[in-house]
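To keep things clear, I will list the structure first and then write my remarks on it.
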Amino acid sequence: MQSYVHVILAGLSSGMFIWLVASGLTLIFGVLGVLNFAHGSFYMLGAYCSFTVLKYLGAGFWTGLVLGPLAVCAAGFVVERFFLRHVYRIALPYQLLLTFAFVLIFDNLVKIVWGGGALSPPSLSFLGGSVPILGRNFPVYNLFIIAVGPAVALLLWAMLEKTWYGRIIRASSSDREMAASLGVRVPALFTGVFVFGTWLGALGGGLAVPYVGLLTPGMGETIIIEAFIVAVIGGLGSLKGAFVGALVIGVITAFGTRFFPAFDMFLTFILMGGVLLWRPQGIFGTAR
Amino acid sequence: MKKRGMNRRDFLKLTGAGSLAAAAAGGLGGGLLTPKWVWGATPKVKGPIKIGYQTVLSGTLAGYGEFHKMGLLMALDEINAKGGIAGQKVEVEIRDSTLKPDDAIKNARYFVDSWGADFLGGIDSSGQALALAPVMAQLDRVLMVTHAATEKLTEDFVYRKGVRQIFRNCMPTYNDGNAAAFIAKDFPAVKWSTVSPKYEYGFTCWKMFQETLTRLKPGVSFVAESWAPFGTTDFRSHINTIMDAKPDGLYSTEWAGELISFLKQAKEAGLFDKVKYVMLPVGAAMDVLEGMGKDMPDNLWISGRYYFQYPNDKTNNEWVARFHKRWGHYPAYVSETAYSCVYAIKEAVEKAGSKDTKAVIAALEGMGMNSPAGHRVFRKEDHQAIYDVPWGKTKSDPKYPFKVMGGMKVIPAREYFNRPPFEGPGTMPPFK
């Protein structure tokens, strides 16, 4: 019992963590139609910026978590406004190439600014430590991550479904020209959505600082693959799909590692292959 | 933020025409300048001496490449300031190994075929080393491996298959597997477990540890193993596996950033309260000690391929001081092996009076040399350098902002290195 509960908890926390990264990726794909490989870089920059605020400006973890991702939003703005905007109309491979170029640029930028070595944040005072669950310690911070995931999902849902801006975003994503002819400033709106997606990725990075306990250049490349798998399983562009996909992948991976260690590396890919055979558009995706 | 390090441009500048002046200006010349004309009079060795070095410069382990570079650059400056190797200037080019086996081969081919390397050095991953090994016979240059540790490189390729071009100056897995068992046999722990990397290095070390410990202490059992794929950031399921098995001891060859993540997460989960005997064969790496800082739990057994406080002698202490003064870091083990790699090439070329591969191989075989890590001898049969490294327990020291190694135990390498012919009785420790 104890071991099952802890496997599920571990799965939930890692799933929610992937969701935080996958949410921005999915939002940007759903609205802008761009598969942003550089999203992992925003995650990395979010981690480095939060860490810098935390460590060098002597501020607390929360200040870092607020200021770090905001700083990364500026990078997101530049990427969309001056580069990505020009490739919306041309073929998908060019978008992929451009965003991949940013992955390399940001990785090297991090190496120049923060050095190539791993940075390791000090342990948290608040939310640090652990609580016993069924006689075994579970880190408080992971419980916090398990709570943050659904909170972000709720925020996104409310924003997209319940607000005027949400309606405009949905309208523009389903028909750009119609929205534009009705007076919506689609380019500005897209910049806004991209920057918001960037913020989500960077927030994931900021939250990763205590979760992973380590910052390395290239840290975004591992997580972007997981986030991408999650997005594909859930249905590219579907936030609900990404949320469910992240939960499923998180829990299955945790079970796999614990109980079927020989297959743990393949389980996610088997699952992805199975879903794609059954529903090529993903669980909650719509055929495009 | 002040960054201590170097970039490619600094590096090229130093290896270029201005290197002697630059190095001398750096104050590294010392008083023992070898007069150039001694070698110039007998120009048997044609210069420059070119060393093609590959290490990881990108991705999550890029920090290792930086530490390689620091050691290399120090050796290069010192040697060039004192007249080079056999009177000839040394040039080094560094390429990113990316840790991928095919890139290791591509780099090596580039170095030899296009750049004209006389020697090759570096290689971080065991997988890369094994992929490159068969190619080395064809490229016919001496390759000094400075980080990859799998014993299969020297046992299978050098000894059995006769790829004589390969040498290794870093500790092989004998320390991670065999020496760890020598340390562990004295603990009351009988039930052992592991969380280790899910690739060649992790598998071979755990196997060696189990076999040697069983020979040293019959009755031990191995109750859990959990293999973490390369790039794991979340070790919580692996920690669950270990805690479910309730072992007395944990052995882990996790290394670099992944070891830091693992230790932090294990500490949060209370693993070290439950499991009292923890062995980390590469836990004494500087990136891990500095990265963990004060969060490193006490009383974990750690070792490494070199540890900056051992040996406590003049050569090592002075080197560590010079290193720290120049780079603001204590030397990582790869800094020492990279540094000693250039000196091994220097001593072998000068001993052979030639830079031809055959002559240098003959000179290196059985050659002894002094280095910061102590006295090294390249074993003739398998080209593995034999030298001693310490094991010890993590403890605080007010002089350092990180935990250091306390209660050092040194098992002489000759007592636990596998011996040729590497199969059959009497080739694996303990030796009578």
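Is there any pair linking a residue in the stretch B:306-332 that is over 13 Å from residue B:388 (Cβ atoms) to one that is of a type in the set (Lys, Arg) and loosely packed, with under 13 Cβ neighbours inside 10 Å, with Cβ under 8 Å and at least six apart or on different chains, and which? Matching pairs, first to second residue: B:327/B:4; B:328/B:4; B:329/B:4. The single condition among (1) of a type outside the set (Asp, Glu); (2) under 27 Å from residue A:210 (Cβ atoms); (3) within 14 Å of chain B (Cβ to nearest Cβ) that residue A:66 does not meet is (3). Residues that are surrounded by fewer than 17 Cβ atoms within 10 Å (Cβ to Cβ) and under 22 Å from the mean Cα position of the chain (by Cα) were ranked within the stretch A:105-120; the one that is nearest to the other protein chains (Cβ to nearest Cβ) is A:108. Any residue at all in the stretch A:8-28 that is more than 11 Å from chain B (Cβ to nearest Cβ), hydrophobic (A, V, I, L, M, F, W, C) and surrounded by fewer than 23 Cβ atoms within 10 Å (Cβ to Cβ)? The answer is no; no qualifying residue exists. The single condition among (1) away from chain A (no Cβ under 14 Å); (2) in a loop (DSSP other than H, G, I, E, B); (3) touching a helix residue (DSSP H, G or I) at 6+ places or on another chain (Cβ under 7 Å) that residue B:254 does not meet is (1).
Here residue B:277 passes the criteria (1) within 14 Å of chain A (Cβ to nearest Cβ); (2) surrounded by fewer than 24 Cβ atoms within 10 Å (Cβ to Cβ) except the one numbered (1). Could we say that residue B:94 is outside any helix (DSSP H, G or I), buried (at least 21 other Cβ atoms within 10 Å of the Cβ) and among the β-branched types (Val, Ile, Thr) here? So residue B:94 passes the test. Candidates are the residues of the stretch B:158-183 that are hydrophobic (A, V, I, L, M, F, W, C) and touching a strand residue (DSSP E or B) at 6+ places or on another chain (Cβ under 6 Å); the one that is farthest from residue B:430 (Cα to Cα) is B:166.
Would you mind stating whether residue B:241 is within 19 Å of residue B:264 (Cα to Cα), modelled with pLDDT under 95, in contact with a strand residue (DSSP E or B) (Cβ under 8 Å, 6 or more places away or on another chain) and not basic (Lys, Arg)? Show your work before the answer.
Numbers: within 19 Å of residue B:264 (Cα to Cα): yes; modelled with pLDDT under 95: yes; in contact with a strand residue (DSSP E or B) (Cβ under 8 Å, 6 or more places away or on another chain): yes; not basic (Lys, Arg): yes.
Spelling it out, residue B:241 is indeed within 19 Å of residue B:264 (Cα to Cα), modelled with pLDDT under 95, in contact with a strand residue (DSSP E or B) (Cβ under 8 Å, 6 or more places away or on another chain) and not basic (Lys, Arg).
Number of residues in the stretch B:101-124 that are surrounded by 24 or more Cβ atoms within 10 Å (Cβ to Cβ) and at positive phi: the value is 2.
Any residue at all in the stretch B:192-204 that is within 14 Å of chain A (Cβ to nearest Cβ), surrounded by fewer than 18 Cβ atoms within 10 Å (Cβ to Cβ), touching a Phe, Trp or Tyr at 6+ places or on another chain (Cβ under 9 Å) and assigned to a helix (DSSP H, G or I)? Lay out the reasoning, then the answer.
Initially, the stretch B:192-204 is screened for residues within 14 Å of chain A (Cβ to nearest Cβ), giving B:193-199, B:202-203.
Narrowing the set further to residues that are surrounded by fewer than 18 Cβ atoms within 10 Å (Cβ to Cβ) leaves B:198-199, B:203.
Applying the additional criterion that residues be touching a Phe, Trp or Tyr at 6+ places or on another chain (Cβ under 9 Å) yields B:198-199, B:203.
Of the ones still in play, those that are also assigned to a helix (DSSP H, G or I) are B:203.
Yes, because at least one residue in the stretch B:192-204 is within 14 Å of chain A (Cβ to nearest Cβ), surrounded by fewer than 18 Cβ atoms within 10 Å (Cβ to Cβ), touching a Phe, Trp or Tyr at 6+ places or on another chain (Cβ under 9 Å) and assigned to a helix (DSSP H, G or I).
Can you tell me which residue in the stretch B:280-315 is surrounded by the fewest Cβ atoms within 10 Å (Cβ to Cβ), limited to those that are of a type in the set (Val, Ile, Thr) and in contact with a helix residue (DSSP H, G or I) (Cβ under 9 Å, 6 or more places away or on another chain)? Show your work before the answer.
Taking the stretch B:280-315 first, the residues of a type in the set (Val, Ile, Thr) are B:282, B:288, B:302, B:315.
From what's left, in contact with a helix residue (DSSP H, G or I) (Cβ under 9 Å, 6 or more places away or on another chain): B:282, B:288, B:302.
Details: B:282: 24, B:288: 27, B:302: 26.
Applying the filter and picking the extreme gives B:282.
Can you confirm whether residue A:248 is touching a residue at least 24 places away in the same chain (Cβ under 8 Å) and more than 13 Å from chain B (Cβ to nearest Cβ)? Yes: the conditions hold for residue A:248.
Within the stretch A:255-288, take every residue that is free of Cβ contacts under 8 Å to residues at least 60 places away in the same chain and of a type in the set (Lys, Arg) and give me the one that is surrounded by the fewest Cβ atoms within 10 Å (Cβ to Cβ). The extreme case among them is A:288. Criterion first (surrounded by 22 or more Cβ atoms within 10 Å (Cβ to Cβ) and either outside the structural domain of residue B:118 (by TED's automatic domain parsing) or within 22 Å of the chain's Cα centre (by Cα) (or both)) does residue B:418 satisfy it? Yes, satisfied. Residues that are touching a Phe, Trp or Tyr at 6+ places or on another chain (Cβ under 8 Å) and either assigned by TED's automatic domain parsing to the domain that holds residue B:193 or at pLDDT 95 or above (or both): does the stretch B:308-316 have at least one? Yes - at least one qualifying residue is present in the stretch B:308-316. All but one of (1) within 29 Å of residue A:3 (Cβ to Cβ); (2) more than 9 Å from every other protein chain (Cβ to nearest Cβ) hold for residue A:123; which doesn't? Unmet condition: (2).
Out of curiosity, is residue A:165 within 30 Å of residue A:250 (Cα to Cα), among the hydroxyl-bearing types (Ser, Thr, Tyr) and either modelled with pLDDT of 90 or more or surrounded by fewer than 21 Cβ atoms within 10 Å (Cβ to Cβ) (or both)? Before you say what the answer is, go through the steps one by one.
Details: within 30 Å of residue A:250 (Cα to Cα): no; among the hydroxyl-bearing types (Ser, Thr, Tyr): yes; either modelled with pLDDT of 90 or more or surrounded by fewer than 21 Cβ atoms within 10 Å (Cβ to Cβ) (or both): yes.
So residue A:165 fails the test.
Is there a residue in the stretch A:133-151 that is over 27 Å from residue A:48 (Cβ atoms) and in contact with a Ser or Thr (Cβ under 8 Å, 6 or more places away or on another chain)? Looking through the stretch A:133-151, at least one residue is over 27 Å from residue A:48 (Cβ atoms) and in contact with a Ser or Thr (Cβ under 8 Å, 6 or more places away or on another chain).
Every test in (1) within 21 Å of the chain's Cα centre (by Cα); (2) buried (at least 20 other Cβ atoms within 10 Å of the Cβ) is passed by residue A:252 save one, and that test is (2). Across the stretch A:126-161, which residue is surrounded by the fewest Cβ atoms within 10 Å (Cβ to Cβ) among those that are touching a residue at least 40 places away in the same chain (Cβ under 8 Å) and part of a loop (DSSP other than H, G, I, E, B)? That would be A:135. Take the residues of the stretch B:210-250 that are in a helix (DSSP H, G or I) and in contact (Cβ under 8 Å) with a residue 60 or more places away in the chain: which is nearest to the other protein chains (Cβ to nearest Cβ)? Across the stretch B:210-250, the extreme among qualifying residues is B:211. In the stretch B:376-389, the residues that are in contact (Cβ under 8 Å) with a residue 40 or more places away in the chain and closer than 22 Å to residue B:162 by Cα form Cβ pairs under 9 Å with partners that are part of a strand (DSSP E or B) and of a type in the set (D, E, K, R), at six or more places apart or across chains, as follows: B:378/B:168; B:382/B:168; B:383/B:168; B:384/B:168; B:385/B:168; B:385/B:376. Within the stretch A:171-188, the set of residues being surrounded by 12 or more Cβ atoms within 10 Å (Cβ to Cβ), without any contact (Cβ under 8 Å) to a residue 40 or more places away in the chain, assigned to a helix (DSSP H, G or I) and not aliphatic (A, V, I, L, M) comprises A:176 only. Please pick out the residue among A:192, A:205 that is more than 10 Å from chain B (Cβ to nearest Cβ), crowded, with 22+ Cβ neighbours inside 10 Å and under 27 Å from residue A:147 (Cα atoms). Unique residue meeting the criteria: A:205. Checking B:66, B:93 one by one, the residue that is of a type outside the set (A, V, I, L, M, F, W, C) and modelled with pLDDT under 95 is B:66 and no other.
When A:61, A:77, A:102, A:51 are screened for being closer than 19 Å to residue A:214 by Cβ and away from chain B (no Cβ under 14 Å), only A:61 passes.
The values are calculated or read from the model by the stated rules, or taken from the named source; none is laboratory data. All of these numbers come straight from a predicted model, not from anything done at the bench. Every residue, glycine among them, receives a Cβ derived from its backbone with ideal geometry; neighbour counts consider all protein chains shown.
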